[in-house]
Amino acid sequence: MSSSWLRFLVLFGVGVVVLLGLERVLRSDPGERNYEVFTEMAYSLANETQSPSASLPGGLTQQALVEGVVVRGRLPFRYGPGPEEAARAGRELENPFGDDAHTLGRGAEIYGIFCALCHAGDGGGQGPVVRRGMLPPPSLHAARSLQMADGEMFHLLTMGQGNMASYAAQVSEDDRWRVVRYVRKLQEGSR
Ligand code: HEC
């Protein structure tokens, strides 16, 4: 066999292998394991969040928050449950919202979704749940609610009071302040 013939065979062979390889890469079946070229992309060396760690304190990858950390843009709520803490919140906290159209509109929306079922649309306390047998909540037009400071009502929505559960999980901090403004609007005729 002449050497040029041999060279042709070798090149032809290499060409076939390259083409087959390309075909495999380009038309790969997404259901099949593909070639792993840069395996560090597939098998990251970073620790998984909840995995053990050989080097970090406590042997855990996920470290506890440093004491005193707060969510950006959020003030920590440093009040416990109960009437004394509610009264203290009433003295110390101020409603960051006024009576602009957006605040009252959003407050009305929240009230309609989360409060009216018990307290009724007018705040009188005869909402649909009460008409079906639940003990009526006190009227929001009664002296206690009228005299309650915004911060105390915010505390009540955040921590709950007696038979009323906390709404902190369902209603965001800003929306709790807004719904307090809306309750004030509802109360206007009763002041
Ligand atoms: C499941 C029914 C229910 C829902 C929903 C509800 N409340 Fe109440 N609310 C009550 C009851 C019952 C009380 C009385 C709690 C107690 O002191 O035992 C109460 C008390 C209150 C008081 C204090 C009244 C007073 O005289 O002590 C305010 C203010 C208030 N709710 C506002 C709201 C707002 C605002 C919402 C919506 C975010 C809301 N509530 C949602 C049942 C409800």
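The values are calculated or read from the model by the stated rules, or taken from the named source; none is laboratory data. On a predicted model such as this, the values are computed, not experimentally measured, just so you know. So basically every Cβ, Gly included, is an ideal-geometry build from the backbone, and we count neighbours across all protein chains shown. What goes into the accessible areas is simple: the full protein's heavy atoms, side chains included, and nothing from ligands, DNA or RNA. Shrake-Rupley method; radii C 1.70, N 1.55, O 1.52, S 1.80 Å.
One table, with the values for the structure above:
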quantity: F114 being outside any helix (DSSP H, G or I), at pLDDT 95 or above, within 22 Å of the chain's Cα centre (by Cα) and not hydroxyl-bearing (S, T, Y); calculated: no
quantity: Condition met for P81 (touching a residue at least 24 places away in the same chain (Cβ under 8 Å), in contact with a Gly (Cβ under 8 Å, 6 or more places away or on another chain) and open to solvent by 70 Å² or more (accessible area, probe 1.4 Å)); calculated: yes
quantity: Residue satisfying all of: in the range 146-164; part of a loop (DSSP other than H, G, I, E, B) and modelled with pLDDT of 95 or more; surrounded by the fewest Cβ atoms within 10 Å (Cβ to Cβ) among these; calculated: G160
quantity: Considering residues of the range 165-175 that are more than 9 Å from the ligand (Cβ to nearest atom) and part of a loop (DSSP other than H, G, I, E, B) only, the residue most open to solvent (accessible area, probe 1.4 Å); calculated: A169
quantity: Selection status of L60, over 30 Å from P136 (Cα atoms), in contact with a strand residue (DSSP E or B) (Cβ under 9 Å, 6 or more places away or on another chain) and surrounded by 10 or more Cβ atoms within 10 Å (Cβ to Cβ); calculated: yes
quantity: Residue list for the range 111-127, restricted to those being surrounded by 19 or more Cβ atoms within 10 Å (Cβ to Cβ), in contact (Cβ under 8 Å) with a residue 24 or more places away in the chain and near the ligand (Cβ under 8 Å from one of its atoms); calculated: Y111, C115
quantity: Failed item, numbered, when P76 is tested on (1) open to solvent by less than 70 Å² (accessible area, probe 1.4 Å); (2) over 30 Å from G151 (Cα atoms); (3) not β-branched (V, I, T); calculated: (2)
quantity: Count of the range 129-145 residues which are on the phi < 0 side of the Ramachandran plot and loosely packed, with under 13 Cβ neighbours inside 10 Å; calculated: 5
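For (1) under 21 Å from R91 (Cβ atoms); (2) free of Cβ contacts under 8 Å to residues at least 40 places away in the same chain; (3) not charged (D, E, K, R), each residue gets a yes or a no:
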| site | (1), (2), (3) |
| --- | --- |
| L146 | yes, no, yes |
| E152 | yes, no, no |
| L156 | yes, no, yes |
| A168 | yes, yes, yes |
| V179 | yes, no, yes |
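Okay, residues lined up against (1) farther than 24 Å from V71 by Cα; (2) in contact with a Phe, Trp or Tyr (Cβ under 6 Å, 6 or more places away or on another chain); (3) hydrophobic (A, V, I, L, M, F, W, C):
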residue	(1), (2), (3)
G90	no, no, no
D100	yes, no, no
I113	yes, no, yes
P136	yes, no, no
L140	yes, no, yes
R144	yes, no, no
M159	no, no, yes
M164	yes, no, yes
R184	yes, no, no
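Residue by residue, here is whether (1) among the aliphatic types (A, V, I, L, M); (2) within 10 Å of the ligand (Cβ to nearest atom); (3) closer than 28 Å to G80 by Cβ holds:
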{"residue": "G105", "(1), (2), (3)": "no, no, no"}
{"residue": "E109", "(1), (2), (3)": "no, no, no"}
{"residue": "R131", "(1), (2), (3)": "no, no, no"}
{"residue": "S139", "(1), (2), (3)": "no, yes, yes"}
{"residue": "Q147", "(1), (2), (3)": "no, yes, yes"}
{"residue": "F154", "(1), (2), (3)": "no, yes, yes"}
{"residue": "M159", "(1), (2), (3)": "yes, no, yes"}
{"residue": "R181", "(1), (2), (3)": "no, no, yes"}
